[in-house]
1. Please list, in order along the range 51-65, the HN-Hα scalar couplings obtained from phi with the Karplus expression 6.51 cos²θ - 1.76 cosθ + 1.60 (θ = phi - 60°), rounded to whole Hz, x for Gly and Pro.
2. Packing-wise, with mean Cβ within 10 Å as the measure, how do 39-46, 157-164 rank, highest first?
3. Amide H neighbours of ASN101 under 5 Å, counting only residues 5+ apart in sequence or on other chains, H built in-plane at 1.01 Å?
4. Rounded if a/c is under 1.5, else prolate if a/b is larger than b/c, else oblate: which is the range 22-77, with a ≥ b ≥ c the root eigenvalues of its Cα gyration tensor?
5. I need the shape label for the range 44-179. Rule: rounded when a/c is under 1.5, else prolate if a/b > b/c, else oblate, with a, b, c from the alpha carbon gyration tensor.
6. Which whole-angstrom value gives the distance between the alpha carbon centres of the range 37-68 and the range 69-114?
7. Among LYS91, LYS262, rank each residue by its count of other Cβ atoms within 10 Å, from fewest to most, as a rough exposure measure.
8. Under the rule of at least 5 residues apart or a separate chain, name every residue whose amide H is placed under 5 Å from the amide H of GLU55.
Amino acid sequence: MRSHYLRRACAIPILLAVASVCSGQAPLPEPVTDQETELGLAVYNELKAKGEIVETSPLYDTLRPIADAITRVAQSRYDHPFKFFVVHEPKPNAFATPGGNVYVVDSLFYFVKNSEQFAGTLCHEVSHTIHRDAMERLKEEQKIQLREIGAALLLGPSIAEMLAIKMIGDMHSLAYSRDVESRADVTGSDICAATGYNPWGLVWLFDEFQNADTKKIPQLLSDHPANNTRIETLKEHFRENPTVFSKFDSRPEKATPFAVPKNEAEHFLRP
Ligand SMILES: [Zn+2]
């Protein structure tokens with residue numbers, strides 16, 4: 001009887017431990033220490049208030065190894081930890097905010113054709129953060145806030161919230177210039193190459209949609225028809241750095257299949 005009791009007592013914590021490892025869970029946001037983490041948290045809170053952040057989903061188990069590989073390579077180039085969240089939105093997309101948060105729309109997992117296209121998209125987004133593109137764009141657009149942005153002081157809840165709403169709007173429209181996008185493609189390809197993910201993934205993604213109907217093009221390729229320029233810039237970068245890129249196969253038929261759990265339940269983070 002006693003030994004039976006002991007066995008049960010042991011089994012419960014083991015089961016709990018296994019469950020917490022197996023069910024993919026959203027990370028916790030970084031505490032606010034400066035304007036970038038402040039804006040990052042304000043965007044996080046807006047998305048959470050809209051019920052868009054997925055708290056638990058097996059998609060996190062698919063995301064984690066790719067996100068970890070990218071983080072190992074890219075983290076030294078940015079001073080806040082990268083954190084990857086699954087979000088639920090109508091269109092396949094990924095976007096990054098100041099402070100290190102990267103958001104991956106659930107439908108993107110099912111939209112991409114292979115691991116390289118998925119990794120390439122994440123590498124591209126992490127590069128926007130490394131380049132501080134969102135901060136630069138806010139500085140450009142919000143002339144009124146120029147004094148606040150870039151100063152050491154925090155923005156305060158109302159300004160941070162207002163800018164966060166603006167930033168979410170930007171992420172849903174054509175936010176960056178072609179040059180800014182190309183720069184993120186190039187840095188992203190360097191990061192992907194360093195992780196071992198074939199950096200041709202982004203080229204394959206652009207190629208597929210170059211001639212597609214504009215309405216069917218996902219948000220992350222929204223600057224269509226400029227994709228050709230982005231493809232050419234990437235190919236030139238690959239040619240100019242053969243020691244890094246020549247080992248990767250340019251043929252999409254050599255891509256790695258992307259295994260994603262089908263029809264899995266998502267549980268949303270509620271405010
Ligand atoms: Zn971009």
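Only the coordinates and a few stated rules stand behind these numbers; no lab work does. Keep in mind that what you see is a predicted model, and the values were worked out from it rather than measured. Cβ atoms come from the backbone with ideal geometry, glycine included; neighbour counts cover every protein chain shown.
1. x, 8, 7, 7, 7, 10, 5, x, 4, 5, 5, 6, 5, 4, x
2. Peptide ranking by packing, descending: 39-46, 157-164.
3. Hits under the 5 Å cutoff: LYS83.
4. oblate
5. Prolate.
6. So the two Cα centres are separated by 8 Å.
7. Neighbour counts put them in this order, fewest first: LYS262, LYS91.
8. When sequence neighbours closer than 5 places are left aside, the close amide H contacts are HIS267, PHE268, LEU269.
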